[in-house]
Each structure stands twice: as structure tokens, then as C-alpha cells.
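Report on the following structure.
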Amino acid sequence: MAPSPQLRTPQPHVVARALRDRGWVLEASTDADTKLPDALRDAPPELVDWATSFARLSSADDAVWFLSAGDYRDPVTEAFAWNAFEQMSLDAAANDAQRAEITRFWRRHWPLVLSVRGHYAYLAMRDDGVIVHGEEPEFEETTVIAPELAALLSAVAAGEDIWVFG
């Protein structure tokens, strides 16, 4: 039996254009945006390619946004850090064992989309490439949204229901 063909990641401009057509704001990346931040050093190549393809990609109300390479830079100059949910979980942890578990979780997940619309939520890429959704109050309890980034971006571009943030 032949292996199933891998889904090809849509070109970033196709996804961005589809979101722009739905009212999202797009700012093109610059050379500074394509420099790889330390937080993405061990990230899968498809995530790096996606995050360096734009400087800003957010809903019109700025309540939902894809993280760009610039968003992962330290020190964070934005009001809402790329790792804010990890920090909130660490602050709420009752003991060192919980903090260690939270740290292990986030070392295996790269946030991809953040949302502050109504409640805090995110999409992240796990270290196995699977895209998961998490939300407050237990950010580390996740649901699989897509088997890979290509599937998520294809669904976003097509306006499919997989896109949890509308």
C-alpha cells in the first residue's frame, strides 16, 4: 500500500489574502522580521517559514493574531508576550512539580495563534507537528485541531470550520 500523499502547505500569501478578505490586517515582513529568534531555534521548519512570512497578521479588532517571527523576540516589546499563557500557568502553579510539568509542556509546544477575544486561547504546534487548541483556565489541556500546519493553513484559507477563532 502506498503512503498517503502529504498535504502541501499553501503559500503564505494565499492564506494571508484569504484572511485579509475576511477583514484581517496583514503587514508584510521585512528583513528584520526574517531573522530567527531564539524561541524558534528548535521549531519545525514549516513553522519558521510561516512565522517569517509576515510581520503582522491579526483580526481587525487585534483580539486574535498569528505570531510572526518578530513576536517571538526577547525582550518582548509588545503588550502581550508570545509565551504569556506559559507565564500565567507558571504564576498559578502551586509547587515546583507543577512548574516543572508546565515547563515540559511548553518546551514541546510552539504557540502559533493567540486570542484574547472573550477568553484567553491559543493554537500551538506540538513537537510532533500536530496543531492543538488550548484555553484558560488550564492552558495545558489541549484538543487536536489539525494533524499538521499545512492542514490548518489550508482550512484557514478555505474558511473551513477547523478555524476555531472565526
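Annotations
- With respect to (1) within 20 Å of Trp24 (Cα to Cα); (2) part of a helix (DSSP H, G or I); (3) in contact with a Phe, Trp or Tyr (Cβ under 8 Å, 6 or more places away or on another chain); (4) in contact (Cβ under 8 Å) with a residue 40 or more places away in the chain, the lone exception for Ser154 is condition (3).
- If the condition is being in contact (Cβ under 8 Å) with a residue 12 or more places away in the chain and touching a Lys or Arg at 6+ places or on another chain (Cβ under 7 Å), then segment 84-118 contributes Leu90, Arg108, His109.
- Phe105 surrounded by fewer than 19 Cβ atoms within 10 Å (Cβ to Cβ), assigned to a helix (DSSP H, G or I) and of a type in the set (Phe, Trp, Tyr): yes
- Residue within segment 70-89 that is touching a Gly at 6+ places or on another chain (Cβ under 6 Å) and either of a type outside the set (Lys, Arg) or at pLDDT 90 or above (or both) present: no
- Cβ-Cβ contacts under 9 Å between residues 6 or more apart (or on different chains), taken from a first residue in segment 132-143 that is under 15 Å from Thr103 (Cβ atoms) to a second residue that is part of a loop (DSSP other than H, G, I, E, B), are listed as Phe139/Tyr120.
- The single residue among Trp110, Trp65, Trp82 that is in a loop (DSSP other than H, G, I, E, B) and surrounded by 18 or more Cβ atoms within 10 Å (Cβ to Cβ) turns out to be Trp82.
The values are calculated or read from the model by the stated rules, or taken from the named source; none is laboratory data. Bear in mind that the values here come from a model prediction, so they are computed numbers and not experimental data. No Cβ is skipped: glycine too gets one built from the backbone with ideal geometry, and neighbour counts run over all protein chains shown.
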